[in-house]
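Input: a single structure, listed below in structure tokens.
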Amino acid sequence: MAPAQQNLEMCDENMHSELKIRHPTYKNDKVGQFENNNTVLRDSASEVKSDSDFDLKKYEAMEFKAQIRWPDLTVQVLLHLVSIYGLYLMISNQVKLLTILFALGTIYTSGFGITAGVHRLWSHRAYRARLPLRILLAILFTITGQRDIYIWALDHRVHHKYSETVADPHDVRRGFWFAHVGWLVLTPHPAVENRRIALRPTCADLLADPVVRLQKKFFIPLFALLNIALPIWVPWYCWSETLVNSFVISFVTRFTITLNIAFSVNSFAHMWGNKPYDRFIKSVENSLVSLAALGEGWHNYHHVFPWDYRTSELGKLNISTGFIDFFARIGWAYDLKAATYDMISKRAQRCGDGTFGEDEEPYPTSEHCHSE
């Protein structure tokens, strides 16, 4: 039996539509009444925002030429140049082994803040987490330096809702480099800006969590402390690494590698791999990205079942799923949502590219399945 199955909601085909991420609109003055992400916000006086006033075809036909955002491009260029120097220092044995191990350990430990935290928990609400776990995930995510939780999750929801359109923030149709990093250094398409604004009222569930609010409010000092100061201080203080080496390896190189691992989900995992579940979309199953990104590379599955906390089938290498399962065992994570094998196989037979059918870990069964 897979870990923490007592906390798992196995969902059949009939529940598919009910369990998709739902974004009801909430009145702003009620945000403060809710304590955490375990509260499902509802307001009978509000309605889900319609797309009827958004003409996607008009935006698709629009002539748009992106402009370079020079400050952002400069930052990316400097990060990568310094990281190349950092790799040279490591290859030439000018950095202490402990510093390298510390940087690698920080990359993969903090990565859970992205995968299990801002992605599966806050963006998709694929499971629920108690306060200690949410605080831990917020700290880990801040160490990665990838903006605040609210902005990241808002953009990710836009990505899923308008995937492979001009409203997708990192539309893979614009090529590998745009999907990988170009979207960060170029002005966004007007459709992206439009949808970011339109989806803000529907993301009140994010700001209803005090952990998200505090991380957003104090992101800059937290970024300076957790992503810059502490990673530099630890090697310097604990094993007498030079400040220059600590800065180059433990901050810049580590930060840059973390960014590129995350970028790879937007690029590699939307371009090169198989499509067992839906051959009509661009996201793919990419085992190398999954290895680097703690299980986030099984992207064809994820785009078909975005509400599944595992982001992959059982039996696939997915370290973040094991992380969530561990905390489910101790009661910090619960209401884990997952698709049944029957549901997965039917979708694969209907839409897949024919590569579905590899041996998987047997699926648990459940007599009860309910949405939030």
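The values are calculated or read from the model by the stated rules, or taken from the named source; none is laboratory data. Quick caveat, the model's predicted, so the values are computed rather than measured. Every residue, glycine as well, gets a Cβ built from its backbone with ideal geometry; the counts of neighbours run over all protein chains shown.
Looking at (1) under 20 Å from the mean Cα position of the chain (by Cα); (2) at positive phi, find the lone condition where Gly175 falls short.
Of (1) under 20 Å from the mean Cα position of the chain (by Cα); (2) at positive phi, only one is false for Gly175: (1).
To keep it simple, each residue is scored yes or no on (1) among the aromatic types (Phe, Trp, Tyr); (2) in contact with a Phe, Trp or Tyr (Cβ under 8 Å, 6 or more places away or on another chain); (3) under 25 Å from Ile84 (Cα atoms).
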position	(1), (2), (3)
Asp168	no, yes, no
Trp177	yes, no, yes
Leu184	no, no, yes
Cys203	no, yes, no
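Which of (1) free of Cβ contacts under 8 Å to residues at least 40 places away in the same chain; (2) surrounded by fewer than 17 Cβ atoms within 10 Å (Cβ to Cβ); (3) of a type in the set (A, V, I, L, M, F, W, C) does Val265 not meet, given it meets every other one?
(2)
Report whether or not Ala293 is buried (at least 24 other Cβ atoms within 10 Å of the Cβ) and under 22 Å from the mean Cα position of the chain (by Cα).
So Ala293 fits the description; yes.
Output the number of the condition that Gly331 fails; it satisfies all remaining conditions of (1) surrounded by fewer than 14 Cβ atoms within 10 Å (Cβ to Cβ); (2) at pLDDT below 95; (3) outside any helix (DSSP H, G or I); (4) of a type outside the set (Phe, Trp, Tyr).
(2)
Which numbered condition trips up Gln146, out of (1) within 21 Å of Ile257 (Cβ to Cβ); (2) modelled with pLDDT of 95 or more?
The failed condition is (2).
What number of residues within the range 90-103 are in contact (Cβ under 8 Å) with a residue 24 or more places away in the chain and within 31 Å of the chain's Cα centre (by Cα)?
The number of residues fulfilling the criteria is 6.
Check every one of the helices (runs of 4 or more DSSP H) wholly within the range 155-255 and list those with 2 or more residues that are crowded, with 19+ Cβ neighbours inside 10 Å and in contact with a helix residue (DSSP H, G or I) (Cβ under 6 Å, 6 or more places away or on another chain).
Hits in the range 155-255: 190-199, 204-207, 210-217, 230-239.
Please enumerate the residues belonging to the range 296-314 that are in contact with a helix residue (DSSP H, G or I) (Cβ under 7 Å, 6 or more places away or on another chain), surrounded by 24 or more Cβ atoms within 10 Å (Cβ to Cβ), assigned to a loop (DSSP other than H, G, I, E, B) and not aromatic (Phe, Trp, Tyr).
If the condition is that a residue be in contact with a helix residue (DSSP H, G or I) (Cβ under 7 Å, 6 or more places away or on another chain), surrounded by 24 or more Cβ atoms within 10 Å (Cβ to Cβ), assigned to a loop (DSSP other than H, G, I, E, B) and not aromatic (Phe, Trp, Tyr), then Glu296, Gly297, Arg310, Thr311, Glu313 are the ones that fit.
Output yes when any residue across the range 98-121 is outside any helix (DSSP H, G or I) and either within 27 Å of Leu56 (Cα to Cα) or in the same structural domain as Asn194 (by TED's automatic domain parsing) (or both), and no when none is.
So far as the range 98-121 goes, no, none of its residues is outside any helix (DSSP H, G or I) and either within 27 Å of Leu56 (Cα to Cα) or in the same structural domain as Asn194 (by TED's automatic domain parsing) (or both).
Which condition number does Leu291 fail, the rest of (1) assigned to a helix (DSSP H, G or I); (2) in contact (Cβ under 8 Å) with a residue 60 or more places away in the chain; (3) among the aliphatic types (A, V, I, L, M) being met?
Of everything listed in (1) assigned to a helix (DSSP H, G or I); (2) in contact (Cβ under 8 Å) with a residue 60 or more places away in the chain; (3) among the aliphatic types (A, V, I, L, M), Leu291 misses just condition (2).
Can you tell me which of (1) modelled with pLDDT under 95; (2) among the hydroxyl-bearing types (Ser, Thr, Tyr); (3) crowded, with 16+ Cβ neighbours inside 10 Å is the one Thr365 doesn't meet?
Condition not satisfied by Thr365: (3).
Between a residue in the range 218-245 that is charged (D, E, K, R) and any residue that is buried (at least 17 other Cβ atoms within 10 Å of the Cβ), which pairs come within a Cβ distance under 9 Å, given they are 6 or more apart or on different chains?
From residues that are charged (D, E, K, R), the pairs are Glu241/Val95; Glu241/Lys96; Glu241/Thr99; Glu241/Phe102; Glu241/Val234; Glu241/Pro235; Glu241/Ile249; Glu241/Ser250.
For Tyr277, work out the one condition from (1) touching a residue at least 60 places away in the same chain (Cβ under 8 Å); (2) part of a helix (DSSP H, G or I); (3) touching a Phe, Trp or Tyr at 6+ places or on another chain (Cβ under 8 Å) it doesn't fulfil.
It fails just one condition, (2).
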